[in-house]
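The values are calculated or read from the model by the stated rules, or taken from the named source; none is laboratory data. None of these values were measured; they are calculated from a predicted model. Because the Cβ atoms are built from the backbone with ideal geometry, glycine has one as well, and the counts that use them run over all protein chains shown. Areas reflect the complete protein model, heavy atoms only, side chains present, ligands, DNA and RNA absent. Shrake-Rupley method; radii C 1.70, N 1.55, O 1.52, S 1.80 Å.
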There are 2 protein chains.
Amino acid sequence: MSKAGADEGGAGGCGDSAKQLEAKDEKGGKLLSKPSAGSSWTKVSCPCCFSERVEPLVLVKLGGKVGPETKRWLIKVIGAPQKDGGAALLAHPGEDASGDIIVVSAPRCTLLRAAEELGLCKTYRSGDMEAFSYNDRDNFKDSDNMEVFLTLAERQYIVKYELDGLRVQRDLRIPGLPESRMLQKRDNIWQKLSSAGVVVDTFPLHNRKKLKDLGEAWYSGNQLAQPLDSVNDYFGSAVAFYFSFLDFYTWSLLTPAILGLAISYFSGEVKKEMVDSVSGSKVIINDDDSGPMISGHMLQAMFSMIWSTVFMELWKRRSSSLSYRWGTMNLAERFAEPRPNFYGDLGVNPVTGRVEPLFPEWKRDLRMVLVSVPVVGLFLGLVVLGMMCFYWGEAQVKQLHKDWNSLLSQALLYIPSVLHIVYTNMLGNVYRNVAQSLTEYENHREESAFENHLTAKILVFTFFNNFAVLFHIAFFKQDVPLLRKRLASLLIVSQLVNQVTEVVIPFLVDRFISAPHRTESEDDPKEDKFRNQRTLPVFPGLFAEYIELLVQFGYLSLFSCVYPLTAVLLLINNITEIRSDAYKICNLFRKPFSPPVANMGVWQVAFEVLSFVSVISNCWLLLLSPRLQELCREGGLSSTNVLLLAVFGEHVLILIKFIMAALIPDEPDWIRKKRDQMEYTSMQALKEQKLQPEVS
Amino acid sequence: MSKAGADEGGAGGCGDSAKQLEAKDEKGGKLLSKPSAGSSWTKVSCPCCFSERVEPLVLVKLGGKVGPETKRWLIKVIGAPQKDGGAALLAHPGEDASGDIIVVSAPRCTLLRAAEELGLCKTYRSGDMEAFSYNDRDNFKDSDNMEVFLTLAERQYIVKYELDGLRVQRDLRIPGLPESRMLQKRDNIWQKLSSAGVVVDTFPLHNRKKLKDLGEAWYSGNQLAQPLDSVNDYFGSAVAFYFSFLDFYTWSLLTPAILGLAISYFSGEVKKEMVDSVSGSKVIINDDDSGPMISGHMLQAMFSMIWSTVFMELWKRRSSSLSYRWGTMNLAERFAEPRPNFYGDLGVNPVTGRVEPLFPEWKRDLRMVLVSVPVVGLFLGLVVLGMMCFYWGEAQVKQLHKDWNSLLSQALLYIPSVLHIVYTNMLGNVYRNVAQSLTEYENHREESAFENHLTAKILVFTFFNNFAVLFHIAFFKQDVPLLRKRLASLLIVSQLVNQVTEVVIPFLVDRFISAPHRTESEDDPKEDKFRNQRTLPVFPGLFAEYIELLVQFGYLSLFSCVYPLTAVLLLINNITEIRSDAYKICNLFRKPFSPPVANMGVWQVAFEVLSFVSVISNCWLLLLSPRLQELCREGGLSSTNVLLLAVFGEHVLILIKFIMAALIPDEPDWIRKKRDQMEYTSMQALKEQKLQPEVS
């Protein structure tokens, strides 16, 4: 029973040859406090999976009222082989059979089989990455040592994958639960147990030693590069992709930052505007003609349009290299089990030949078009409505204040803002729930498709919420100085606020409110340490991080031509952001499960869409720029003709962007070759294989 | 030696079991005129390919001065097995060893191996289409009968593929040719022979009986549906895709045609304009407000924007079904031999492991970006320049005529037009050669890539040439009535001219000039009949046909809102076009080789791009429409604001089109499933196969 904690002793070591499952009390000396008959790892059925050391991967927290018979049954299910409807994992009951936790680990065979099912690529003996195959496992490098072969994040995700995939083979009553909780055939066990309150939480366990090493390499020093491979190893590819993108983006900001600095320094006009925007006074158009023909604004606008395209295309190439490196380029989610919440009529999947729920594609499309799109549109309309009411209210209140000029009317001045903030927040909360239900209703088969559709919905809304005011100022009020002022304040203030709310507050809460409740000492039993991790808040996901990047990318590409220092501010922000995000994910939250992913998913699309919208916005802002208007007036062009020219220029620029995006290949040459090679060999193999039955 | 003509006797029959290669003079009675020792099919090396009947597939025409020893050597090379550097085909020397033709056919094994190499899909015993595999041939339906298993077009293309792929294994002097024509190792034989004048022509032979059947089903009756499968069978998938698209497009025209008729009938305003446009007088804006708020133009514009997207998306779905049906959905051109003109350093292809010329991708990209794009841009500039000169010249000449008003000055009036026509034609010819050289210089590995890049270059130019005037009228002169007049005359006159030049003239030339030279009688030897096919002109390819469709699709989607009857005229035109094109390809030209293709290639993209441009053009034309301007004037909107509204509307419409295009899946559900299934099985097979060496 001491194995639950054995990992800490020689973490990262090799789960080597000695084949022994029995408790070895003499080893390490760190025994669990109350040794009892029930508290040891479940036995594995296949001989190759016997290992002396079992690494605790995932903690399952049971409800307070769960009886020992239910826990015993659950441990049995977790440990049973898959053909008997079990998860073929290893379970450890914690300190004793009546405790409220189960520690789960996974034997070698289960890990390897799941790695094949998920479509992970691993290093083949030839040195190339190839889709892992269980039968061919001996030809893959390190496939005898799970702690090297699979990353910690992969191992933990596989445990979750197996637990989530548990289904009842025949109608069943769970011991210790009332009749009403009968499980029907093919019910998802984990889902039912969660809704019955038996399982309260399932989360991956931190590995203190690895975490410490990672933190040292990541955020404690002055290092310029992030240890992305270690991040992928510890937190999984979803998190690693976020930090890779953040890294790539931050470095890419160098060019616009330098340009922005140069423009602010050399262009008198721009410098003046900068000062004005901070001091708050209106810009007075400089009427002497000594300025250069092409103003800093125009240079900045042209540059940011080209930069955003090149940046996105290069990132796509980097992203595909990373996905090759991390073995996620060939994920087989389509061919794996559907996500637990997926429903449909049971049938034979025509592709894989497995029995599973089927749901026709056209039905999903129909639901998206007829339900999701209109509902999302409605909410966007509500945002606009709110904004309009706000402006209307503000005008009314101002008028009132002008008429009355009393203390009461001055207080009234704040009412529209307050109401608008309350309205926006409420709307946001309602929308989040609606988006969740809509996506659930769309009934996506794959977890990633679900995530992407949910993210897309929230993203559109959040983005709209963030930019509606700026767009309103730019396109309707057409007030460039106000836009510049707003942008400057948003950049400086909101970034500061973000950093504070994101890091400082959780840090303080953690240090002064939560931490006292989980004073750990070296002598604490492992189980208590595990249980303590539950006191940390759940990791809220990467949505907030990504949207922050998207919003600042929006400031930069959409509006930076009115405020050239944007890139500089963002660069400074991001350099600290990398560290604070890293600190946060390492220390302030529970470790998240992270499925293997091949790219940023829907975020990629969002950034690309933004880079196209930036052309429209930049052209428009240039059109508004006083210098251009002045030039046109001198050239004798009517405002309609100028507008026509701008529209023409915008279309040409969009065309150029499309052509550039098409011409820069999304994958580096060597990746494309590897991919072709994979396809070719599997084509050959298919032809060979069909021959086998005839030959033998 | 009688076999060269045996096909005609029982064409389409089964090349069944009797295994005999010797000449059977008693059969059929249609002997070649001068029986001699040399004139029989070459022998095949493998027993399964023996067949009583050999079908003549391809005719090779030799130069006049080619000696019998060269011809004998060539026949030997054609007949030699591939391991000895031959093409493993069957060759027949025609009437005797000194004649100037070689008839080529292909034995079963060669056909099957090439079918695998090309990646053709055929019906498996399960009833699904699967990528054909030579080793697994017995499990494919009809794989013992080549005339059913492969289409005639495929068999002929395979002969060409093998001939084009002939390469010298070691340095070699061709018998009968001077020393200077030495072949170096790995030289392409067919290319060298062509440039040395030994091979003058290589073309597939018509099968008179099949052609007659096809013609009857295709264009001689009043049938509404085209026999697309038979077209694919006889002419190959490239031609069949063209006719499928023409068919689909023509049927799709029904809706806009009905709408156009309705609008012309019910909208008084439009009716008036129609009359005006034909009578040539200017439109007088109708000032009574009794007309509906939404004019026929607006309805037409909105409709044509949505119609073009839906049409293209549905065509994509149809296209993918057809490609599945015709077994071309999985072509493996990337893994086959590169095209003969492809050059590069010899090396091992990392994907297939074969030795072949290699050429880095980035070099090709660089050449495209740095050379091709600027050159094409230059030529487009020259077109614009020519047009500007034309307008300038016309203005000058008109002024001159006004000043002088003499007969000479009246004659001078025609000079600019004549000069412009001459200039445009010369430019077009030069451009065609330049485009060919540029694409050759880009050095594409695959034939289809070469074709697509060449087509794209010529297409852009031709399209520009066709539409520059209309765009000029619409966007610069902003003269809607003139545009309407021009469009009407273009539609009516140019379609008529097209039909005449495309069909009537070739028909007359064929009937009265060429035909007398090739009076055939039943008693003519087969060889003379084959040779006669050479007197027909070479099929000029589908470029002209596609560009005609593209240009009329352009008229329809870009400008139809000013002339609602466009769709009606096009519908009438296309119904005759189907028949005339079918007649033309069957009777007026040599049969073309047609590689198997999976879709329309670059034409697909061209139509899609056009459908996006149509949004811009329609929005613009609506803006120019007198009714809208009137409405705005009433509503008190300034022209700048109207323009802004239009630009905003345009962006929204483009967004809607993008979303629609993204939401309608490009493949029907069942095709996607089949594809997934193929991928899944080949993935499984790959895993199994890697295991084989270890197990056995």
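Table for the structure above
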read-out	value
Partner chain coverage, peptide A:638-649 - average Cβ within 10 angstrom	3
Net charge, A:W315 excluded, C-beta distance under 11 Å - Lys, Arg +1, Asp, Glu -1	-1
Estimated distance in nm for a label pair at A:N641 and A:L413, the labels positioned 7 Å out from Cα along Cα-to-Cβ	4.6 nm
Pair A:N587, B:R125: separation of 7 Å Cα→Cβ label points (nm)	6.8 nm
Tail beyond 66 Å, pair distance distribution of the protein assembly as shown (Cα, percent)	21 percent
Chain-alone versus full-assembly comparison, the range A:350-372, residues with accessible loss of at least 40 Å² (1.4 Å probe)	A:P350, A:V351, A:E361
Exam field: B:W404 pseudo-label spacings to other copies (7 Å along Cα-Cβ), nanometres	8.5
Protection proxy ranking of B:334-343, A:220-229 - average other beta-carbon atoms within 10 Å, highest first	B:334-343, A:220-229
Sequence-distant residues sharing a close amide H with A:V200 (under 5 Å, placed H)	A:K61, A:L62, A:G63
Cβ crowding within 10 Å averaged over residues, with B:249-261, B:391-403 ranked highest first	B:249-261, B:391-403
Whole-Å distance, taken between Cα centres, linking the range B:607-647 and the range B:315-340	42 Å
Kyte-Doolittle mean at least 0.5 and Cα axial length at least 27 Å: DSSP H helices in chain B	B:373-404, B:447-471, B:602-624, B:639-663
7 Å along Cα→Cβ, label-point gaps from B:R170 to other copies, nm, shortest first	7.5
Residue-averaged 222 nm ellipticity for chain B, from DSSP H runs of 4+ at -39500 (n - 2.57), nearest 500	-17500 deg cm²/dmol
Label spacing, shortest first and in nm, from B:L385 to its equivalents in the remaining copies (7 angstrom along Cα→Cβ)	5.9
Relative contact order [Cα under 8 Å, 6+ residues apart], the range A:56-205, whole percent	29 percent
Taking chain A and dividing mean pair separation by its residue count, relative contact order in percent (alpha carbons under 8 Å, at least six apart)	17 percent
Cα-based shape type of the range A:149-249, given that a ≥ b ≥ c are square roots of the gyration tensor eigenvalues and the cut on a/c is 1.5	prolate
Percent RCO, i.e. relative contact order, over the range A:345-442, from Cα pairs under 8 Å lying at least 6 residues apart	26 percent
Carbon and sulfur %, accessible surface of the protein assembly as shown computed with the full protein complex present, 1.4 Å	62 percent
Chains B and A, summed buried accessible surface - 1.4 Å probe, Å², nearest 100	4700 Å²
Signed unit charges on C-beta, dipole axis of the protein assembly as shown, positive-most listed residue B:S105, A:F559, B:L214	B:S105
Where the range B:345-442 is the region considered: accessible area per residue in Å², 1.4 Å probe	62 Å²
Solvent-accessible heavy-atom area per residue, rounded to whole Å², over the range A:202-258 at 1.4 Å	36 Å²
Shape call, the range A:56-205: gyration tensor on alpha carbons, a/c limit 1.5	prolate
Cβ-derived FRET efficiency at R0 22 Å, B:D676 paired with A:K83, nearest 0.05	0.25
Peptide-level mean, for A:675-682, of C-beta atoms on other protein chains within 10 Å	6
Charge dipole (debye, nearest 20) of the range A:572-650; +1 at Cβ of Lys and Arg, -1 at Cβ of Asp and Glu	460 debye
Rounded if a/c under 1.5, otherwise prolate or oblate - the range A:292-336, Cα gyration tensor axes	prolate
